[in-house]
Amino acid sequence: DVKHNNLKLKPAVFSKDSCYLPPLRYPATCTFKGGLESERQQYIIHGGKTPNNELSDKMYVMSVVCKNNKKVTFRCTEKDLVGDVPEARYGHSIDVVYSRGKSMGVVFGGRSYIPSAQRTTEKWNTVADCLPHVFLVDFEFGCSTSYILPELQDGLSFHVSIARNDTIYILGGHSLANNIRPANLYRIRVDLPLGSPAVNCTVLPGGLSVSSAILTQTNNDEFVIVGGYQLENQKRMVCNIVSFEDNKIEIREMETPDWTPDIKHSKIWFGSNMGNGTVFLGIPGDNKQAASETYYFYMLKCAEDDVNEDQKTFTNSQTSTEDPGDSTPFEDSEEFCFSAEANSFNGDDEFDTYNEDDEEDESVTGYWITCCSTCDVDINTWVPFYSTELNKPAMIYCSHGDGHWVHAQCMDLAERTLIQLSEGSNKYYCNEHVKIARALQTPKQVPPLKRPPL
């Protein structure tokens, strides 16, 4: 929440029935409002880079189950997909279209690692553009269908996608195969009759050459495109207004904001939409300073009343464990995401009244749980137990009953065993339930031992 140019963070935890959500980089996110029985807004998360630099093909559904003055509680569940499942990727987009009273998710673009047969030690992390297929995903049943459209010839990453009713507009993006940012503008229309969906694509003139831009909505028929890159090491300082009228799209330049000198001279910038025409921007601090890991944050208001308002600095004290020079510049504007509206926290929720002593016991909520009777993991310990985890001990899922999470450290699992169980589809049972699981299995028939005659 932003009050008087001060950024205040509200504590957030996950419910006990939530699945583990790894810290993903460059995933595709969108908001989705379920059916009549589920009026609460949900957040769809797909793909992204995992902490060990692998790519995820999983889809997560996150929703707010409780919000009060103390903290916000989220529920995160993994959605299983069947059919033409999109391959693991990052830098892509996911949107929701609505047609004839039905809804469908649309996944497009992104990058993926080269096929495993072509991956060598030197090319292990080499990525390539995904095929320009359009995937329709039914969030209710988890069915995914792939469509090949002749108008889409090249794969794109870090493009801008705008969803309106049954139509999605794709602007800009970066083609890794050609190393260009073509001025694309595609219109993908999805019709959802009783039978099979109909998907068609139209190439429109007047696109934009930009990648990793941030999109914010100022009113029902108007959006603003902020930031991004026009070349690999050149930021795009011009902002554009995208307006819709009678199903026609118009893109025009808006008055350039009064960028601060720090923003003008920085090679890298990143950020995300905060809703209500507000964009949150961040740049790395000057490496010449003593604290080279300092980041500066700004807020740009793009609403009609505040178009000419200068950016205001919130804070300049976020530390980072990653050197800004280690990342490819045009991939850094997706460093973090805000999916909530700027006014999602009501004015009655005064953060100043939060008392840390009133916090619930974290040992029974969220990630930290008492996994077994002999669990000795300290809830205040933030040192990784395995190299595959960033800052929390590794966990694995016990399949007994309704299932529960256990610490690999408490189960005496070796890292190699943990990786094998995580990659495979075999069920795992913790030490307390492994005997029950063995009793449920049918013993194998052992043929009688043949004794040769004396």
Any hit, the stretch 2-11, residues being open to solvent by less than 20 Å² (accessible area, probe 1.4 Å) and in contact (Cβ under 8 Å) with a residue 24 or more places away in the chain: no
Residue that is surrounded by the most Cβ atoms within 10 Å (Cβ to Cβ) [pool: residues in the stretch 143-155 that are modelled with pLDDT under 90 and within 24 Å of the chain's Cα centre (by Cα)]: GLY155
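Run down PHE74, PHE139, PHE135 and say which single residue is part of a loop (DSSP other than H, G, I, E, B) and surrounded by 17 or more Cβ atoms within 10 Å (Cβ to Cβ). Spell out how you get there, then give the answer.
Numbers: PHE74 fails: part of a loop (DSSP other than H, G, I, E, B); PHE135 fails: part of a loop (DSSP other than H, G, I, E, B).
Being part of a loop (DSSP other than H, G, I, E, B) and surrounded by 17 or more Cβ atoms within 10 Å (Cβ to Cβ) holds for just one of PHE74, PHE139, PHE135, which is PHE139.
With respect to GLU293, is the statement that it is surrounded by 15 or more Cβ atoms within 10 Å (Cβ to Cβ), at pLDDT below 80 and in a loop (DSSP other than H, G, I, E, B) true?
Details: surrounded by 15 or more Cβ atoms within 10 Å (Cβ to Cβ): yes; at pLDDT below 80: yes; in a loop (DSSP other than H, G, I, E, B): yes.
When the stated conditions are applied, GLU293 passes them.
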Extreme residue, least open to solvent (accessible area, probe 1.4 Å), among residues of the stretch 232-254 that are free of Cβ contacts under 8 Å to residues at least 40 places away in the same chain and among the aliphatic types (A, V, I, L, M): ILE241
Within the stretch 172-203, tally of residues that are out of contact with any Asp or Glu (no Cβ under 8 Å at 6 or more places or on another chain), outside any loop (DSSP other than H, G, I, E, B), surrounded by 15 or more Cβ atoms within 10 Å (Cβ to Cβ) and free of Cβ contacts under 8 Å to residues at least 60 places away in the same chain: 1
Flag if THR120 is assigned to a strand (DSSP E or B), open to solvent by less than 80 Å² (accessible area, probe 1.4 Å) and farther than 19 Å from TYR43 by Cα: no
Residue identified as open to solvent by 30 Å² or more (accessible area, probe 1.4 Å), of a type in the set (A, V, I, L, M) and either closer than 19 Å to THR145 by Cα or not in a loop (DSSP other than H, G, I, E, B) (or both) among VAL61, VAL96, VAL85: VAL85
Given (1) open to solvent by less than 60 Å² (accessible area, probe 1.4 Å); (2) at pLDDT below 95; (3) touching a Leu at 6+ places or on another chain (Cβ under 8 Å), index of the condition VAL106 fails: (2)
Filter result for ASN125 (at positive phi, in the same structural domain as ASP191 (by the TED database) and open to solvent by 10 Å² or more (accessible area, probe 1.4 Å)): no
Given (1) farther than 23 Å from ARG75 by Cα; (2) modelled with pLDDT under 75, number of the condition LEU454 does not satisfy: (2)
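The values are calculated or read from the model by the stated rules, or taken from the named source; none is laboratory data. A quick note: this is a predicted structure, and the numbers were derived from the prediction, not measured. As a convention, Cβ positions derive from the backbone with ideal geometry for all residues, glycine included, and neighbour counts pool all protein chains shown. What goes into the accessible areas is simple: the full protein's heavy atoms, side chains included, and nothing from ligands, DNA or RNA. Shrake-Rupley method; radii C 1.70, N 1.55, O 1.52, S 1.80 Å.
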